[in-house]
Amino acid sequence: MYLLYNHLVPGIDPLSLENVLLVGAGLLTGIPALGSGRCDIAAKSPITGAIGDSNIGGFFAPEMRMAGFDHLVITGKAEKPSYLWIHDGEIEILDASHLWGKDTFETQTLIRSDHGDEEIKSLVIGQAGENLVRFANVRTGMKNSAGRTGMGCVMGSKNLKAIAARGTLDVEFTHPDQLLTYCKEMIDMVMKNRYSRAASKWGTLIIYSTTNTTGLIRTRNFQLNQLEQGWDIEPEEMDKYTIGMSGCYGCPVSCRHRYTLKEGSFAPIFAEGPEYTSLGAFGTMVDCKKMETILVANHLVNKYGIDTLETGGLIAWAMELYEKGIITEKMTDGLRLEWGNEEVVFELIRKISQREGFGSVLADGFKNAIAKIGNESEYYAIKVKGMSNLHSDERPTPSLALGIATSTRGADHLRSRPAIDLYGLPEDFLEEIYGGSMSSDYRSYKGKSRMVWWQELLYAVTDSLGTCKFQTVFLAVHAPKWEEYSKLIYLVSGMQYSIPQLMDIGERIYTIERMFNIREGFSRKDDALPERYFEEATPIGLPRVKGLKIDREKFEKMLDEYYTLHGWDNNGVPTNKILQKLGIEREPSQII
Amino acid sequence: MQKILFVDPEKCTGCRLCEIACSLHHEKVSNPSRARIQIVKWENAGLFIPMICQQCETPICEIVCPMGAISRDEKTGAMLINKELCVGCKLCVMFCPLGGVGIDKNRKILKCDLCDGDPLCVKYCIPGALQFMDANVINIKKRRIAAEKLSELMKKLLEVSL
């Protein structure tokens, strides 16, 4: 984030050659625990114009580190389709004309055969990235995607088809023996909690059972908060298709399904996934009630390289506009955008990726599509800062609602989501974790700004270390956090950080992201929820979540508290005092 | 009774924790290319197969070693390379039919020594694809798995006859 803040000139077009693409491994990349294969990709986002940042699992980051590189700063643009080839201390720019037009799976296979090495790991874009679909993603392996904020679009704009790495260099640690023992403790700590063990069997799909039963899932875009008769997409349904689970580098959980589809018009398919987000994107939001629909759609978005969540969000929005008569078949190339029509979903995925007809309208993201369709359509768009929210309905949960509103990269659950708020944990226990008093009722506003703030700092540090968020305080309470991170940092590097020092690092990262956005013209007014959160109450669900909407006044108060916790003023601008405390009062100090 | 390192590829999730732990233990660095175990993958088909020295009963590495440097550790059952005698001719690497003996970029011979009877890869394998157990336990487990498949077939036959 520091590099991005310092390398970018404010106000540039994200698709111009002035945009900078950063690819980074973390300090803990390569340790035998916590899913240490995470890689972070950042640039100015073509969707939001704010900070673009997406984190990807798999095996690329350690391979890049073993090839001798921790961080890549990619500037300018290649004259013709190219890819980067990184191997044992060398880095080369190679011709990618034979890869152009290929999907994300073919591209990886071709790069491996180019060099005759099956162990090569690549970050690639599909046809969607080449076609500058604003929410094109970056992919590696069968499953992993840096999905959000359109990093694949930035790669496409630079004519960069792939970054391939192969490394056999050592990753050295200060205390290897102690690290090895301590990592086993970390694995045991992670696997002791029931969430991890369930995820080992059904992945993140397990969340659906609880959230759908309760009524926390947006259905038919935002008309309902529960998919009624949605039992055919319960996680256990995956048992029919799965051949086993799959894990990212250094992960004991292995939350990815390996699945096959032997029947249907797209068969045979072998693929990995789907995540909980895809279940919502091509299930609940578009009112499809079949697991097969989700499995095919998941495979298609991965193949073309587009963000599952943004795609599902846009299609669901278009379906509601069609229902309301705001768009008609004239605009949709004759497609009847009816709820639950899987053929339409598949066709729109293809059209978006190929930028064909109505697909091209959606491919430009919410901001541009609204400009084309008309202002009337904006009310129905469930987005923050121009980026789609996942299929989660946050009206009954103020903490989660605040999190999507304040997220620096637009509507997003992975910047702060305090999911443990849903468990109704005892208040003294919550106070022990978050360091302040708060209500144990997830419907309450009391103290929830602190939860969001604390989780933002924690996730900023987790992402920066290069480990997986599912193995810290996310869905499980008893998981590695500050204290464990501090010890791991010491064992790998010899550096000693106290818990307050680590939290300051989280604060520094998040405050720099905030300053980046302020420099691009964002302010308090952008930390806002879609109007529907305040206007429409949840129609169904369990009695305790039915009939709820976000209270505007209480929300604004929560936002005030949240700014205060960060040390930002009432407009969300970091004060000099906090900048000095974090040592970033002179930033950006080295704009290039 | 000496235990056997038993590999069950069906359970492997391809996370490579075994490779990282192995290299960190033996070489004090994180580097799967210097590990004694490797998960061979066909990503596009979802196949993950951990490959490691099987400590053969008729070890070809022992037979081809011109220096007599390879012998069995009676305590653990592992075939060990005597560093004093090894001249690095790599015949063991060439002749092992399973790729069980490897070589790293520093031309060092890599061979599983069962971590002196307590293999670390097994401890780090959470899905249980790697197990260290008595031979007769392996038999029972394998037969039970095979019998389960047969029992399903039997059930189907019964349904037909009913």
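Return the only residue of B:V93, B:V29, B:V87 being hydrophobic (A, V, I, L, M, F, W, C) and within 9 Å of chain A (Cβ to nearest Cβ).
Values: B:V93 fails: within 9 Å of chain A (Cβ to nearest Cβ); B:V87 fails: within 9 Å of chain A (Cβ to nearest Cβ).
From the options B:V93, B:V29, B:V87, the qualifying one is B:V29.
Starting from residues that are outside any loop (DSSP other than H, G, I, E, B) and aliphatic (A, V, I, L, M), keep the ones in the stretch A:263-294 and report whichever is nearest to the other protein chains (Cβ to nearest Cβ).
Checked the stretch A:263-294; the qualifying residue nearest to the other protein chains (Cβ to nearest Cβ) is A:A271.
In this structure, is A:E513 surrounded by fewer than 17 Cβ atoms within 10 Å (Cβ to Cβ) and not in a loop (DSSP other than H, G, I, E, B)?
Judged against the criteria, A:E513 is not a match.
Inside the stretch A:202-231, can you point out the residues that are among the basic types (K, R) and in contact with a strand residue (DSSP E or B) (Cβ under 8 Å, 6 or more places away or on another chain)? Give the steps one after another, and end with the answer.
As a first pass, look at the stretch A:202-231 and keep what is among the basic types (K, R): A:218, A:220.
Residue satisfying the conditions is A:R218 alone.
Just a yes or no: is a residue in the stretch A:72-89 out of contact with any Pro (no Cβ under 7 Å at 6 or more places or on another chain), under 26 Å from A:Y182 (Cβ atoms) and among the aliphatic types (A, V, I, L, M)? Write out each step before concluding.
In the first step, residues of the stretch A:72-89 are kept if they are out of contact with any Pro (no Cβ under 7 Å at 6 or more places or on another chain); the result is A:72-89.
Subsequent filtering for residues that are under 26 Å from A:Y182 (Cβ atoms) retains none.
Among the residues of the stretch A:72-89, not one is out of contact with any Pro (no Cβ under 7 Å at 6 or more places or on another chain), under 26 Å from A:Y182 (Cβ atoms) and among the aliphatic types (A, V, I, L, M), which makes the answer no.
Just for the stretch B:112-131: of the residues that are surrounded by fewer than 23 Cβ atoms within 10 Å (Cβ to Cβ) and more than 14 Å from chain A (Cβ to nearest Cβ), which one is nearest to A:C248 (Cα to Cα)?
The selected residue is B:Q131.
Can you tell me how many residues in the stretch A:336-356 are outside any helix (DSSP H, G or I) and surrounded by fewer than 16 Cβ atoms within 10 Å (Cβ to Cβ)? Spell out how you get there, then give the answer.
To start, the set of residues in the stretch A:336-356 that are outside any helix (DSSP H, G or I) comprises A:336-341, A:355-356.
Next cut, surrounded by fewer than 16 Cβ atoms within 10 Å (Cβ to Cβ) only: A:336, A:338, A:340, A:356.
The total comes to 4.
Among the residues of the stretch A:73-131, which ones are within 27 Å of the chain's Cα centre (by Cα) and in a strand (DSSP E or B)?
Of everything in the stretch A:73-131, those that are within 27 Å of the chain's Cα centre (by Cα) and in a strand (DSSP E or B) turn out to be A:V73, A:I74, A:S82, A:Y83, A:L84, A:W85, A:I86, A:K121, A:S122, A:L123, A:V124.
Looking at B:I63, B:I103 in this structure, which one is β-branched (V, I, T) and either in contact with a strand residue (DSSP E or B) (Cβ under 8 Å, 6 or more places away or on another chain) or under 30 Å from A:A33 (Cα atoms) (or both)?
Details: B:I63 fails: either in contact with a strand residue (DSSP E or B) (Cβ under 8 Å, 6 or more places away or on another chain) or under 30 Å from A:A33 (Cα atoms) (or both).
None of the others qualify; the one that does is B:I103.
Condition test on B:C22, is it over 19 Å from A:M245 (Cβ atoms), in contact (Cβ under 8 Å) with a residue 40 or more places away in the chain and within 11 Å of chain A (Cβ to nearest Cβ)?
yes
Can you list residue pairs whose Cβ atoms sit under 8 Å apart, with the first residue in the stretch B:95-109 being surrounded by 15 or more Cβ atoms within 10 Å (Cβ to Cβ) and the second being in a loop (DSSP other than H, G, I, E, B) and of a type in the set (A, V, I, L, M)? Count only pairs 6 or more apart in sequence or on different chains.
Correct list of pairs: B:G100/B:I52.
Looking at the structure I just gave you, is A:N368 surrounded by fewer than 23 Cβ atoms within 10 Å (Cβ to Cβ), within 15 Å of A:E310 (Cα to Cα) and not assigned by TED's automatic domain parsing to the domain that holds A:K546?
yes
Only one of (1) within 14 Å of another protein chain (Cβ to nearest Cβ); (2) out of contact with any Leu (no Cβ under 7 Å at 6 or more places or on another chain) is not met by A:Y241, so which one is it?
Unmet for A:Y241, out of (1) within 14 Å of another protein chain (Cβ to nearest Cβ); (2) out of contact with any Leu (no Cβ under 7 Å at 6 or more places or on another chain): (2).
May I ask you to list the residues in the stretch A:224-246 that are in contact with a Ser or Thr (Cβ under 9 Å, 6 or more places away or on another chain) and free of Cβ contacts under 8 Å to residues at least 24 places away in the same chain?
The answer is A:T242, A:I243, A:G244.
Would you call A:T140 of a type outside the set (K, R), closer than 30 Å to A:T75 by Cα and surrounded by 23 or more Cβ atoms within 10 Å (Cβ to Cβ)? Working first, answer last.
Working: of a type outside the set (K, R): yes; closer than 30 Å to A:T75 by Cα: yes; surrounded by 23 or more Cβ atoms within 10 Å (Cβ to Cβ): yes.
Yes, satisfied.
For the stretch A:216-227, indicate whether the set of residues that are crowded, with 24+ Cβ neighbours inside 10 Å and either closer than 29 Å to A:H71 by Cβ or within 14 Å of chain B (Cβ to nearest Cβ) (or both) is non-empty.
No.
Out of (1) within 18 Å of the chain's Cα centre (by Cα); (2) of a type outside the set (A, V, I, L, M, F, W, C); (3) within 14 Å of chain B (Cβ to nearest Cβ); (4) outside any helix (DSSP H, G or I), the odd one out for A:T260 is which?
The one condition A:T260 does not meet is (1).
When you look at A:I352, is it without any contact (Cβ under 8 Å) to a residue 24 or more places away in the chain and among the β-branched types (V, I, T), yes or no? Show your work before the answer.
Numbers: without any contact (Cβ under 8 Å) to a residue 24 or more places away in the chain: no; among the β-branched types (V, I, T): yes.
Spelling it out, it is not the case that A:I352 is without any contact (Cβ under 8 Å) to a residue 24 or more places away in the chain and among the β-branched types (V, I, T).
In the stretch A:145-159, which residues are in contact with a Leu (Cβ under 9 Å, 6 or more places away or on another chain) and either surrounded by fewer than 24 Cβ atoms within 10 Å (Cβ to Cβ) or within 14 Å of another protein chain (Cβ to nearest Cβ) (or both)?
A:S157, A:K158
Looking at this structure, is A:I370 without any contact (Cβ under 8 Å) to a residue 40 or more places away in the chain and over 18 Å from A:Y442 (Cα atoms)?
yes
Out of all the residues in the stretch A:96-111, is one or more away from chain B (no Cβ under 14 Å) and crowded, with 20+ Cβ neighbours inside 10 Å?
Yes, there is a match, as at least one residue in the stretch A:96-111 is away from chain B (no Cβ under 14 Å) and crowded, with 20+ Cβ neighbours inside 10 Å.
So, A:T204, is that one closer than 25 Å to A:Y442 by Cα, away from chain B (no Cβ under 14 Å), among the hydroxyl-bearing types (S, T, Y) and touching a helix residue (DSSP H, G or I) at 6+ places or on another chain (Cβ under 8 Å) or not? Lay out the reasoning, then the answer.
Numbers: closer than 25 Å to A:Y442 by Cα: yes; away from chain B (no Cβ under 14 Å): yes; among the hydroxyl-bearing types (S, T, Y): yes; touching a helix residue (DSSP H, G or I) at 6+ places or on another chain (Cβ under 8 Å): yes.
When the stated conditions are applied, A:T204 passes them.
Surrounded by fewer than 18 Cβ atoms within 10 Å (Cβ to Cβ), in contact with a Gly (Cβ under 7 Å, 6 or more places away or on another chain) and more than 28 Å from A:E275 (Cβ to Cβ): is that true of A:S440 in this structure?
Details: surrounded by fewer than 18 Cβ atoms within 10 Å (Cβ to Cβ): yes; in contact with a Gly (Cβ under 7 Å, 6 or more places away or on another chain): yes; more than 28 Å from A:E275 (Cβ to Cβ): yes.
Yes.
Quickly run through the stretch A:299-335 and pick out the residues that are polar (S, T, N, Q) and in a helix (DSSP H, G or I).
A:N302, A:T308, A:T311
So if I check each of B:C18, B:C92, which one is modelled with pLDDT of 95 or more and under 15 Å from the mean Cα position of the chain (by Cα)?
Exactly one residue qualifies, and that residue is B:C18.
The values are calculated or read from the model by the stated rules, or taken from the named source; none is laboratory data. On a predicted model such as this, the values are computed, not experimentally measured, just so you know. Note that each Cβ is placed from the backbone with ideal geometry, even for glycine, and that neighbours are counted across all protein chains shown.
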